[in-house]
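Colleague: Structure below; questions to follow.
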Amino acid sequence: MTKLVVAVLAAVVLALAGCSNTATPDAPAPAADSVVHQLGFDGRSAEQIVQAVDSSPEARPLGFGASVRDTQLVLTAGERESSLPLPADRFYLSIAPYRTQTHECFFHSLATCQGELAGADVTVTIVDARGKVLVDEQTTTYANGFVGFWLPRDVTGTVTVTHDGRKGSVPFATTAGSPTCLTTLRLTEQA
């Protein structure tokens, strides 16, 4: 073979290797190929990315997509998509209490969902069906009007939110296929 043919074959092999998304135990796929890298989340777990994006003070919509499914975080940038597994024993539930307006939501979009009560002081109580208190805390909703909690998987129960003298309660579930976005909690009752 001539030196030119060898050089061309070497270039083709390198180009094909660079486009591959297949990782082997000895040679993991380069981070530069992922949306995670493109968005600057290298070295962060799915939990850390969810927390960082959901609590971001930036106005929605953000310039990328981020959806919390029941078992994975899906990040999109343009036509590219990456997914990261969520913990097998924890479920992310993002809650947007409201007084007058809400939106339909099933899988929480960290980058586009906007709740009515941004920056609101709320008390959140989450109790499972057996009466065990999973969450009981005073917190402030994020700039997107949501507040998120990591809950145990495979439980059902009730979420109660109190804000400014009013409260509301709705059921929730963290079973397979359950929604990660809770936008049906209307604050109507006197607290």
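Just so it is clear, none of the values below were taken in a lab; they were calculated from the coordinates. Since this is a predicted model, take the numbers as computed values, not measurements. As a convention, Cβ positions derive from the backbone with ideal geometry for all residues, glycine included, and neighbour counts pool all protein chains shown.
Colleague: Can you pull out the residues in the range 135-191 that are aliphatic (A, V, I, L, M) and in contact (Cβ under 8 Å) with a residue 24 or more places away in the chain? Outline the logic, then answer.
Modeller: First, pick out the residues of the range 135-191 that are aliphatic (A, V, I, L, M): 135, 143, 147, 151, 155, 159, 161, 170, 173, 176, 182, 185, 187, 191.
Scanning the range 135-191 gives Ala143, Val147, Leu151, Val155, Val159, Val161, Ala176, Leu182, Leu185, Leu187, Ala191.
Colleague: Here is a follow-up. Would you be able to tell me the number of residues in the range 105-121 that are under 21 Å from the mean Cα position of the chain (by Cα) and farther than 20 Å from Thr76 by Cβ? So that I can check it myself, show each step before the final result.
Modeller: Start the filter on the range 105-121 by keeping residues that are under 21 Å from the mean Cα position of the chain (by Cα), which leaves 105-120.
The next check asks that each one be farther than 20 Å from Thr76 by Cβ; those that pass are 115-120.
Residues in the range 105-121 being under 21 Å from the mean Cα position of the chain (by Cα) and farther than 20 Å from Thr76 by Cβ: 6 in total.
Colleague: Here's something else I'd like to know. Give the number of residues within the range 31-68 that are of a type outside the set (Gly, Ala, Ser), surrounded by 16 or more Cβ atoms within 10 Å (Cβ to Cβ) and more than 14 Å from Phe146 (Cβ to Cβ).
Modeller: Adding up the residues that qualify gives 8.
Colleague: Sort through Leu110, Leu93, Leu117, Leu62 and tell me the only one that's over 16 Å from Leu182 (Cβ atoms) and not aromatic (Phe, Trp, Tyr).
Modeller: Answer to the check: Leu62.
Colleague: Let me ask another. Checking Gly157 against (1) touching a Ser or Thr at 6+ places or on another chain (Cβ under 8 Å); (2) under 25 Å from Pro87 (Cβ atoms); (3) surrounded by 18 or more Cβ atoms within 10 Å (Cβ to Cβ): exactly one of these is not met. Which one?
Modeller: Status for Gly157: all satisfied but (1).
Colleague: Tell me the residue from Gly131, Gly145, Gly168 that is farther than 26 Å from Gln48 by Cβ and in a loop (DSSP other than H, G, I, E, B), please. Break it down into steps so the answer makes sense when it comes.
Modeller: Values: Gly145 fails: farther than 26 Å from Gln48 by Cβ; Gly168 fails: in a loop (DSSP other than H, G, I, E, B).
Matching residue, one of Gly131, Gly145, Gly168: Gly131.
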